[in-house]
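J.: I have a structure I would like to understand better, so I am pasting it below and will then ask my questions one at a time.
The values are calculated or read from the model by the stated rules, or taken from the named source; none is laboratory data. Please read all numbers here as calculations on a predicted model, not as lab measurements. With ideal geometry, Cβ positions are generated from the backbone for all residues, glycine too; neighbour counts draw on all protein chains shown. What goes into the accessible areas is simple: the full protein's heavy atoms, side chains included, and nothing from ligands, DNA or RNA. Shrake-Rupley method; radii C 1.70, N 1.55, O 1.52, S 1.80 Å.
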Amino acid sequence: MLMTTVGTVFGSRLALKILFLIFAFICAANPVTGWADESPPGRQLSLLDVYQLARESAPRLTIAGYRLDNARAQKDIARGRFMPSLSLFGDWSENRVRYEGNELGRLPTQEYPGERYGVQVRSTLLNMRAFRDWERQDALAERSEALLASAEIQLLTEVVTAYLRVLLSEEKLVQTTAELEAIERQLAEATALYERSLLPVTQMLETQTRADTLRAEVIDARGQILIAREGLIQLVGRRDIDLLAVSEKVSLSSTVSTAEAAAALAQQHDPAIEAAEQALKAAQKSVSKEKGSWIPEVDFVYNSQYSDVGFDNLTSPARTTDSYSISIRYLLFEGGAGVARTRAAWADFYAAKSELDLANRESGANARAAWVRLEVANERLIATQQASRTSQVNLEATEAAAKVGTVRLTDVLVALAQNTRAARDLTQARFEAILSWLALELATGADPEVVAASLSANVKQDNHMSSQR
């Protein structure tokens with residue numbers, strides 16, 4: 001009975017060990033995909049992906065963030081200047097007293113240790129200069145926060161512009177290459193007809209010239225792609241990027257009805273105006289700070305001290321001293337430095353006021369211009385769509401007419417060039433509409449992160465459509 005039980009236990013353990021090894025082998029051969037990285041480096045990046053990468057590595061945002069941290073720290077430092085302070089102090093010494101002279105020389109030299117320690121509490125009762133400086137640092141911290149928001153807006157604008165510039169240059173290369181391939185086919189046909197004396201030499205040479213010109217344009221388009229990608233790489237901070245193409249059907253609409261409404265919203269929400277307002281407030285507090293330097297500073301001071309030291313080289317018994325005092329300091333004269341600081345503070349105030357006026361003007365003008373550009377871009381997009389359809393129909397009709405000999409080969413070259421130009425204008429109009437919508441949204445106070453997500457979702461083209469292009 002005992003041997004049977006042992007055998008059963010041994011057998012079950014062996015079976016479990018075998019099952020464990022089989023399970024480990026299956027897991028090694030088929031790793032769990034849920035634990036893998038969901039963002040492989042080879043996937044195509046959407047506009048939102050690129051913006052998030054740029055936010056993580058943008059030096060401008062990093063600098064603005066550190067400056068905000070510094071401004072907040074300076075605010076805390078300024079607040080600490082008029083808050084109560086507690087300090088400890090202490091002295092330890094070895095003292096020796098030796099008497100000189102005939103009579104005093106008979107007295108023995110005395111050696112004794114000395115110690116003194118205590119605590120001091122100081123609380124500001126009146127310090128207008130320190131209080132105004134704290135208010136000034138608070139305004140500067142708010143200004144740094146607004147500058148950080150401005151940096152985020154500028155970053156999103158630069159990322160979208162660089163993203164679309166790369167796609168535009170790639171689209172230009174595709175369109176130019178397609179025209180070159182068509183021209184090369186026409187050139188082959190023209191050469192064959194010319195060799196059989198069925199085509200004038202001028203038309204064959206015109207086709208050759210157009211082919212050579214397109215080859216140069218292809219080389220230029222490839223260079224433009226590299227330049228555009230370098231601009232995007234500088235923002236993103238990595239080189240292994242593959243962009244997702246923008247859909248041909250983009251639906252972006254704005255709720256702003258008029259240019260004046262856009263200007264009003266911009267003046268309410270523009271972080272540049274907020275930064276200028278806080279700078280003006282800080283300058284005003286600087287003036288108040290310098291005025292406060294002519295108000296007496298009053299502190300309450302409490303000292304508690306224990307001392308066991310000599311006084312005038314004479315021993316004295318240990319003692320404890322407590323004192324309460326009101327400390328008053330009033331500046332009478334410092335060589336004209338106070339007047340000069342006040343004059344400089346007033347100069348900074350008027351400069352900040354002028355900067356606020358300039359920010360209001362620029363914000364309103366930029367918002368109005370963004371609204372007008374969006375209206376024009378939408379109208380231009382409709383016009384270029386119609387022009388692209390017309391040029392395509394014209395190209396097909398011209399190619400059909402050339403096959404039956406009713407038009408010259410030069411007409412086909414012109415139709416091809418017009419079709420390529422129309423397609424290029426349509427792509428440019430689409431991207432211009434996107435940039436105009438972005439500028440209006442950001443100018444009227446939209447959150448950059450929300451705008452980036454919305455824009456990326458609206459312009460995203462799925463991989464199936466992208467592979468067909």
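J.: Compute the length gained on full extension between Asp91 and Ala401: take 0.36 nm times their separation in residues and subtract their Cα-Cα distance, giving the result in nm to one decimal.
T.: That works out to 100.7 nm of additional length.
J.: Another question about this same structure. To the nearest 0.05, how large is the calculated FRET efficiency for Asp242 and Glu56 if R₀ is 22 Å and r is the Cβ-Cβ distance?
T.: That pair, Asp242 with Glu56, gives E of 0.75.
J.: Contact order normalised by length for segment 212-333, with contacts defined as Cα pairs under 8 Å and 6 or more residues apart; what percent is it?
T.: Taking the mean separation of contacting Cα pairs over the length of segment 212-333, I get 17 percent.
J.: Got a number for the accessible area of Leu180? Probe 1.4 Å, square angstrom, nearest 10.
T.: The value for Leu180 is about 20 Å².
J.: Along the principal axes of its C-alpha atoms, what lengths does segment 310-434 span, in descending order and rounded to whole Å?
T.: Its Cα atoms span 129, 36, 24 Å along the three principal axes.
J.: Can you bin every Cα-Cα distance in the chain into 10 Å intervals starting at zero and give me the percent of pairs per bin, rounded to whole numbers?
T.: With a bin width of 10 Å, the distribution comes to 4, 11, 14, 13, 12, 11, 10, 8, 7, 5, 3, 1, 1, 0, 0.
J.: Here's another thing I want to ask about it. Counting each DSSP H run of 4 or more residues in the chain as -39500 (n - 2.57), what helix-only mean residue ellipticity at 222 nm follows after dividing by all residues, to the nearest 500 deg cm²/dmol?
T.: -24500 deg cm²/dmol, from helical runs alone.
J.: Subtracting the Cα-Cα distance from 0.36 nm times the residue separation, let me have the gained length for Arg421 to Tyr302 in nm, one decimal.
T.: 34.3 nm
J.: Right, something else. Which value in Å is the Kirkwood Rh of segment 110-172 over different Cα pairs?
T.: About 18.0 Å, per the Kirkwood formula over Cα pairs.
J.: Just grab the label-to-label distance for Arg196 and Val121, each label 7 Å out from Cα along the Cβ direction, in nm (one decimal).
T.: 11.2 nm
J.: Next question. What number, in percent, do you get for the relative contact order of the chain if the mean sequence gap of Cα pairs under 8 Å and at least 6 apart is divided by its residue count?
T.: That works out to 23 percent.
J.: Relative to the present Cα-Cα distance, how much length would full extension add between Thr209 and Ser327 at 0.36 nm per residue of separation?
T.: Between Thr209 and Ser327, full extension yields 33.1 nm more.
J.: On alpha-carbon atoms, Rg over Rh for segment 178-261 using Kirkwood Rh?
T.: Looking at segment 178-261, the ratio lands at 1.28.
J.: Relative to 2.2 N^0.38 Å, what does the C-alpha radius of gyration of segment 60-166 come to as a ratio? Two decimals please.
T.: 2.31
J.: At Lys249 and Ser354, where each label point lies 7 Å from the Cα along Cα→Cβ, what is the point-to-point distance in nanometres?
T.: 5.5 nm
J.: Given Tyr330, Asn360, Gly292, which one lies farthest toward the positive end of the charge dipole of segment 292-384, if we put +1 on the Cβ of every Lys and Arg and -1 on the Cβ of every Asp and Glu?
T.: Positive-most Cα among the choices belongs to Asn360.
J.: Here's something else I'd like to know. Once you put a point 7 Å from the Cα of Arg341 and another 7 Å from the Cα of Gln385, both along the Cβ direction, what distance in nm separates them?
T.: Taking the two extended label points, one gets 6.5 nm.
J.: I've got another one for you. Out of every Cα pair in segment 285-370, what percent are spaced more than 17 Å from each other?
T.: 72 percent
J.: Okay, next question. When ligands, DNA and RNA are left out and all protein chains stay put, how many square angstrom of accessible area per residue does the chain have with a 1.4 Å probe?
T.: Solvent-accessible surface per residue comes out at 61 Å².
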